[in-house]
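The values are calculated or read from the model by the stated rules, or taken from the named source; none is laboratory data. Note that the structure is a prediction, hence the values are computed from the model and not measured. Note: ideal-geometry Cβ built from the backbone for every residue, glycine included; neighbour counts use all protein chains shown. What goes into the accessible areas is simple: the full protein's heavy atoms, side chains included, and nothing from ligands, DNA or RNA. Shrake-Rupley method; radii C 1.70, N 1.55, O 1.52, S 1.80 Å.
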Amino acid sequence: MKSTGAVLRELRGAQKPAKGVSLYSRYVNRPAGRVFAAVAYRLGMTPNQVTLTSAVFTFAALAAVALVRPAWGLGVLVCLGLAVGFALDSADGQLARLTGRGGLDGEWLDHVVDCAKMILVHTVVLISFYRYFGPDSDAWLLLPLGFLFVAVLTFCAGLLREQLGKAAARSAPAGAASPGPASRLRAVALLPADYGVFCLVFLLLGDETAFRTGYAVLAAVHALFLVAFLGKWFRELRALRAD
């Protein structure tokens, strides 16, 4: 079996393009996922097993938000659990590319776990607001519902844009233009929309006002990104039709 160092070198050469990826995913999540993928390879794990391991970390952390009274220590553990789950979510694809054991079933499972994560992360915040925070106004309970709407719509619209783009690429003539180089400015601008950055808000769980404020700010930022993304994706798909 290959050494861990050799596996890491192969994984570095088999990364997805950096275009359209935030700095967190590029310099934190993907490298962490690369280490997890190398460990999983040494353990003989399959990509689907890595996906399920990711789900265990993520869903355990989210269950704690709903079931345990908020505290600073809990926030650290939740953030860590979500970050590890996110890195493992990157590792499954890297392991699949390394071993050639990826398939439609793995892609389907990965998207199912991602969708469940998007729904549950805001659902448990709603439960925590209701059980522990006791907001002065019930209007605060609408915030996680609104964030949930934004997150699910962004996820579904982005996934559909990706699949339609792949279908168009398959029918495009040979020699079609390839994506341009990654922009560092764009990578910085995308940071507020990155799930890994969102996970950091749980570090504020020990203070009700700080957590609600941070969560509300991220909700507003994600809503603005949704509007921008929808316009961008619509224009791109319309351009593909014109071609």
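Got a number for carbon plus sulfur as a percent of the chain's accessible area, 1.4 Å probe? Intermediate values should be presented prior to the final figure.
Numbers: 8750 of 12950 Å².
The C+S portion of the solvent-accessible surface of the chain is 68 percent.
Specify whether the C-alpha gyration tensor of the range 118-172 places it in the rounded, prolate or oblate class, a ≥ b ≥ c being the square roots of the eigenvalues: rounded for a/c under 1.5, otherwise prolate if a/b is larger than b/c and oblate if not.
Working: a/c = 9.24, a/b = 4.08, b/c = 2.26.
Cα axes put the range 118-172 in the prolate bin.
Roughly what angle does helix 208-242 make with the longest principal axis of the chain, taking Cα atoms, 0 to 90 degrees, to the nearest 10?
30 degrees
About the Cα centre of the chain, how large is the charge dipole given +1 on each Lys and Arg Cβ and -1 on each Asp and Glu Cβ? Please answer in debye to the nearest 20. Could you put the intermediate results ahead of the total?
Values: 24 positive and 15 negative charges, 199 e Å.
It works out to roughly 960 debye.
Need one word for the chain: rounded, prolate or oblate. Basis is the Cα gyration tensor (sqrt eigenvalues a ≥ b ≥ c); a/c below 1.5 gives rounded, then a/b vs b/c decides.
Because a/c hits 1.5 or more and a/b fails to exceed b/c, the chain counts as oblate.
Using Cα atoms only, what is the angle between the long axis of helix 142-171 and the major principal axis of the chain, expressed in degrees (0 to 90) to the nearest 10?
That works out to roughly 10 degrees.
Compare S22, S90, S183 in a GNM of the chain, Cα atoms joined below 10 Å, and give the one with the largest fluctuation.
Top of the fluctuation ranking is S183.
Per residue, how much accessible surface does the chain expose to a 1.4 Å probe? Answer in Å², no decimals.
Numbers: 12950 Å² over 243 residues.
Dividing the accessible area of the chain by its residue count gives 53 Å².
So if I place +1 on the C-beta of Lys and Arg and -1 on the C-beta of Asp and Glu, and nothing else carries charge, what would the dipole magnitude of the range 40-181 be about its Cα centre? I want it in debye, nearest 20.
Rounded to the nearest 20 debye, it is 260 debye.
From the Cα gyration tensor of the range 40-131, with a ≥ b ≥ c the square roots of its eigenvalues, which class applies: rounded if a/c is under 1.5, or else prolate if a/b is larger than b/c, or else oblate?
Details: a/c = 3.75, a/b = 2.07, b/c = 1.82.
Prolate is the answer for the range 40-131, as a/c is 1.5 or above and a/b outweighs b/c.
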